[in-house]
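Asker: I'd like to ask some things about the structure below.
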Amino acid sequence: MPESFGIAQLAVVTLQPGFEGLVVPSKLQGYMARGIPVLYIGPDSDIDQFIKRSSGGISVPCDDAQGVASTLIELAADHQRLAMLGLHGRQFYDAEFAKAHGLARYESTIRSVLNPNSAAP
């Protein structure tokens, strides 16, 4: 797997309808951490929201085969856009998912449960 990450110009993440709100494939974060742009194919979900907020990829509904094909054709012809999508995904990862941010969120949540009357830092 690490070897394939090194050569990938685009990663594909899919989600079957009915699973939105239940799972977010961890590979999404792995792709973003490596600066690989993401093509998400699936229903409106947390994944779709991460893609939109990050500008790190493209989201296409799972029933839109023409949209998937068009997106692949467009991205194959625009290496600069692919690079920018990857850069945006990496920046989003650093700002939202990196270890230090995740640990701070856990700590804040635990503190709020242990001491619900104190103000959050």
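Asker: Once amide H atoms are placed 1.01 Å from N in the peptide plane, what residues at a sequence separation of 5 or more from C62, or on another chain, have their amide H within under 5 Å of its amide H?
Answerer: Counting only residues 5 or more places away or on other chains, the set is G42.
Asker: Next question, about the same structure. Near the amide H of A8, under 5 Å away, which other amide H atoms are found, from residues 5 or more places off or on another chain, if H is placed in the peptide plane?
Answerer: The list, which skips near neighbours in sequence, is empty: none.
Asker: Rounded to the nearest 500, what is the chain's calculated 222 nm mean residue ellipticity when only DSSP H runs of at least 4 contribute -39500 (n - 2.57) each, over all residues? Walk me through the intermediate numbers first.
Answerer: Working: 6 runs with 64 residues, N = 121.
Helix contribution divided over all residues of the chain: -16000 deg cm²/dmol.
Asker: Report the local net charge at I58: Lys and Arg +1, Asp and Glu -1, summed over other residues whose C-beta lies under 12 Å from its C-beta. Working shown, then result.
Answerer: Details: positive: K52, R81; negative: D48, D64, E74, D78.
Taking every other residue near I58 into account, the sum is -2.
Asker: In percent, how large is the relative contact order of the range 2-114, given Cα pairs closer than 8 Å and 6 or more residues apart? Before the final figure, lay out each step's value.
Answerer: Working: 145 pairs, mean separation 29.2, N = 113.
Relative contact order, the range 2-114: 26 percent.
Asker: So which trypsin sites (Lys or Arg not before Pro) in the range 16-121 end up in coil per DSSP with only 11 or fewer other C-beta atoms within 10 Å? Each step should come with its number before you reach the end.
Answerer: Details: sites: K27, R34, K52, R53, R81, R90, K99, R105, R111; in loops: R34.
Passing both the DSSP loop test and the Cβ count: no residue.
Asker: Evaluate the Debye formula for the chain with equal point scatterers sitting on the alpha carbons, no solvent, and hand back log10 of I(q)/I(0) at q = 0.16, 0.20 Å⁻¹, in q order, two decimals.
Answerer: One equal scatterer on each Cα of the chain leads to -0.79, -1.09.
None of the figures in this text is laboratory data; all of them are computed from the coordinates on show. Bear in mind the structure is a predicted one, so any value in this text is a computation, not a measurement. Virtual Cβ from ideal backbone geometry, glycine too; neighbours counted across all protein chains shown.
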